[in-house]
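Student: Questions regarding the structure given below will be posed in turn.
The values are calculated or read from the model by the stated rules, or taken from the named source; none is laboratory data. Worth saying up front: this structure is predicted, and the values here are computed from it rather than measured. In this analysis, Cβ positions are derived from the backbone assuming ideal geometry, glycine residues included, and neighbour counts consider all displayed protein chains. Note: accessible area is taken over every heavy atom of the protein model, side chains too, but ligands, DNA and RNA are not part of it. Shrake-Rupley method; radii C 1.70, N 1.55, O 1.52, S 1.80 Å.
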Amino acid sequence: MSEDATEDGDATASADGEWEAVFWDIGGVILALDSVQAAHAEFIADVLERHEVDGTIEEAIDTWRSTVGDYFRERDGTEFRSARDGYHRGVEAIVGEEIPRADWQPRFDEVVRTSIEPIPGAVETIERLAERDLHVGVISDVDDAEGREMLERFGVREQFDSITTSEEVGRTKPDPAMFETALKKAGVDPERSLMIGDRYDHDVKGAADAGMHGVAFGADDGPAVSYRIETPTDVLEIVDGGAHPSETRAQSGEDTRDE
C-alpha cells in the first residue's frame, strides 16, 4: 500500500481482514468532477450559439451555476431533487425564456456522455474488487438514470452488485435511509462495510453514523475517518488487510477536521 493510505480510526471490526462490502460514491470518487465541469461548459457554449444569446461564456456559466445552486439550496433538508430539473432551470435562466426539455436534453446527454472521464485507478479497482468474494455497491446522490449511464460509460456497471441512488430513496446523504437501504440490499453487517467518499459530512460521517467505516478520498479529516487514501487502488490493500496503522485522531482525541 502507498504510504498515504493509512488507517485513521478504529477499524478493528474487521481485524480478521474479512470485509463484506465496499460501497462507492460516484462524483469525485469514480467520476472526475473536472470532466463534468468541462462538459457543462461545452454544453453552455452550445446553448449560447444555438439561441443567439448575448453575453460571454463566463457570464453564462455563472448564471448556470448560481441557478442550479439555488435550486438545490431550496430543498428541505435531505430531500431529493432531480439534477435534470436544476439543469432545466439553468438553461432557461441563460436563454431568458421557457425552453422545452426536448430542445436541450439530447445535446446535454451527448456532451456529457462523450466528455466525462473516470478518476485514474477507479475503473481498475472496481473490476478487481468484483473478482473478490464481497459485495461491491454504489451509494450516490445522483439521479438514478444518470448514475447508471455514467457507470455504463466507464464499463463498470455490471461490476456492481447494487446501486443505491437518492432518486430511488427520496433522500440524499447523510440521511441514514441512504446507507440503510444500501446495506439492506447487500445483506451485510455495517461494521464490515467500507464507504469511499470525497465529502466528510455526507459520505464519511454519514456512513460512520450508520456503523460503517469511512474511507476518505479527498474528504476533510475528522474522527469518522477510518482510512484515508490517495488513489482508488489503495482500497485493494485495505480490503486485503494491508493497511498500516498510524497515529490517529481516535487515539489522540484530536479532531483535525477543517473548520
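Student: How big is the C-alpha Rg of region 61-149 next to the rule-of-thumb value 2.2 N^0.38 Å, as a ratio?
Tutor: Rg over 2.2 N^0.38 Å, computed on Cα atoms: 1.38.
Student: Could you work out the Rg to Rh ratio of region 112-151, with Rh taken as the Kirkwood radius (inverse of the mean 1/r over all Cα pairs)?
Tutor: Rg/Rh for region 112-151 comes to 1.00.
Student: Note the angle between two axes, namely the Cα long axis of helix 176-186 and the longest principal axis of the Cα atoms of the chain, as a number of degrees from 0 to 90, rounded to the nearest 10.
Tutor: 70 degrees
Student: Starting from the amide H of G28, placed 1.01 Å from N in the peptide plane, find each other amide H under 5 Å away whose residue is 5 or more places distant or on another chain.
Tutor: HN-HN under 5 Å from G28: L33.
Student: Taking region 128-174, which GluC sites (Glu not before Pro) meet the DSSP loop condition and have no more than 14 other C-beta atoms within 10 Å?
Tutor: When the GluC sites (Glu not before Pro) of region 128-174 are filtered for loop state and at most 14 Cβ neighbours within 10 Å, E131 remain.
Student: What is the spread of the Cα atoms of region 81-204 along each of their three principal axes, largest first, in whole Å?
Tutor: Rounded to whole Å, the extents work out to 52, 29, 23 Å.
Student: Okay, moving on. Using modelled amide H (1.01 Å from N, peptide plane; none on Pro or chain starts), what sits under 5 Å from the amide H of V138, excluding residues fewer than 5 places away?
Tutor: W24, S162, I163, T164
Student: Another question, if that's okay. Rounded to whole Å and sorted largest first, list the principal axis extents of the Cα atoms in the chain.
Tutor: The Cα atoms of the chain stretch 62, 39, 32 Å along the principal axes, largest first.
Student: Would you calculate, for the chain, the mean residue ellipticity at 222 nm contributed by helices, counting each DSSP H stretch of 4 or more residues as -39,500 (n - 2.57) and dividing by all residues, to the nearest 500?
Tutor: It comes out at -12500 deg cm²/dmol, rounded to the nearest 500.
Student: Give the accessible surface of region 162-225 per residue, rounded to a whole number of Å², with probe radius 1.4 Å and ligands, DNA and RNA excluded.
Tutor: 35 Å²
Student: Now for a separate question. Compute the helix-to-body angle for 101-115: its Cα long axis versus the longest principal axis of the chain, expressed 0 to 90° and rounded to tens.
Tutor: 50 degrees
Student: Taking each pair of distinct Cα atoms in region 182-243 once, what is the resulting Kirkwood hydrodynamic radius in Å? Walk me through the numbers before you get to the answer.
Tutor: Values: mean 1/r = 0.0864 Å⁻¹.
By the Kirkwood definition, the hydrodynamic radius is 11.6 Å.
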